[in-house]
1. Mind checking which residues of region 136-175 are touching a Pro at 6+ places or on another chain (Cβ under 9 Å) and hydrophobic (A, V, I, L, M, F, W, C)?
2. State yes or no: is Leu120 surrounded by 12 or more Cβ atoms within 10 Å (Cβ to Cβ) and either in contact (Cβ under 8 Å) with a residue 40 or more places away in the chain or touching an Asp or Glu at 6+ places or on another chain (Cβ under 7 Å) (or both)?
3. Which condition from (1) under 27 Å from His80 (Cβ atoms); (2) loosely packed, with under 10 Cβ neighbours inside 10 Å; (3) not hydrophobic (A, V, I, L, M, F, W, C) is the one that Gln128 breaks?
4. Which of (1) surrounded by 15 or more Cβ atoms within 10 Å (Cβ to Cβ); (2) modelled with pLDDT under 95 does Ser4 not meet, given it meets every other one?
5. For region 149-167, state whether one or more residues are under 23 Å from Ala45 (Cβ atoms) and either without any contact (Cβ under 8 Å) to a residue 12 or more places away in the chain or in contact with a strand residue (DSSP E or B) (Cβ under 8 Å, 6 or more places away or on another chain) (or both).
6. Is there a residue being within 20 Å of the chain's Cα centre (by Cα), among the polar types (S, T, N, Q), in a loop (DSSP other than H, G, I, E, B) and under 25 Å from Val76 (Cα atoms) anywhere in region 134-148?
7. Take Thr147 and tell me if it is farther than 22 Å from Val37 by Cβ, surrounded by fewer than 14 Cβ atoms within 10 Å (Cβ to Cβ), among the β-branched types (Val, Ile, Thr) and at pLDDT below 95.
8. Just a yes or no: is a residue in region 92-107 assigned to a strand (DSSP E or B) and surrounded by 14 or more Cβ atoms within 10 Å (Cβ to Cβ)?
Amino acid sequence: MGGSDGRRMTPAKEDAAASSDMGHDAMTRHAEPPSEVCLFCAIAAGEAEASVVHEDTTVVAFMDRYPVTPGHLLVVPRRHAVGLEDLDGTTSAHVWSVGHDMARALRRSSMRCEGINILLCDGEVAFQSVFHFHLHVIPRYAGDGWTIEPDTKERDRSLLDSDAHAIKEAIASTR
């Protein structure tokens, strides 16, 4: 299961994974074990091919098959979770910690990136395309062509205060 290049595939599962690979658009829409094939669950279980850079009992980190820039990787919990709401605090903290470690590794690697974006797309309207929680760690290079340019406008203080109040109420209700 895996070679020195980090690619993993159990021989018995190779043909099945090749024929059932749903690619970047694989979707499941619930936090329970998926009834459809979840590509990220298959990768975490060693049943689908991936270029793995880190794995432990909680997460696996591997190269994004459709990278924004060279070195773009994903940190994925082994246990299926659709989004942030589906993660327990311990797993969530570990995903972010491993994401930090991966960002440090990218900076120190021969890839010579000049910056890092850590990106979470939580929900379809937030551009989540694979419905298994994953944290993007994206190395950045001068002139790499990827931009994030929202059309922001200053928000009135009373609206900011109202938003803050609503969030504080939600925090209080979760404790």
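1. Ile138, the sole residue that qualifies.
2. So Leu120 fails the test.
3. Checking Gln128 against (1) under 27 Å from His80 (Cβ atoms); (2) loosely packed, with under 10 Cβ neighbours inside 10 Å; (3) not hydrophobic (A, V, I, L, M, F, W, C), the one that fails is (2).
4. Of the numbered conditions (1) surrounded by 15 or more Cβ atoms within 10 Å (Cβ to Cβ); (2) modelled with pLDDT under 95, the odd one out for Ser4 is (1).
5. Scanning region 149-167, I find no residue that is under 23 Å from Ala45 (Cβ atoms) and either without any contact (Cβ under 8 Å) to a residue 12 or more places away in the chain or in contact with a strand residue (DSSP E or B) (Cβ under 8 Å, 6 or more places away or on another chain) (or both), so the answer is no.
6. yes
7. The answer is yes for Thr147.
8. No - not one qualifying residue is present in region 92-107.
The values are calculated or read from the model by the stated rules, or taken from the named source; none is laboratory data. Since we're looking at a predicted model, the values are computed, not measured. Cβ sites come from the backbone with ideal geometry, for glycine too, and all protein chains shown count toward neighbours.
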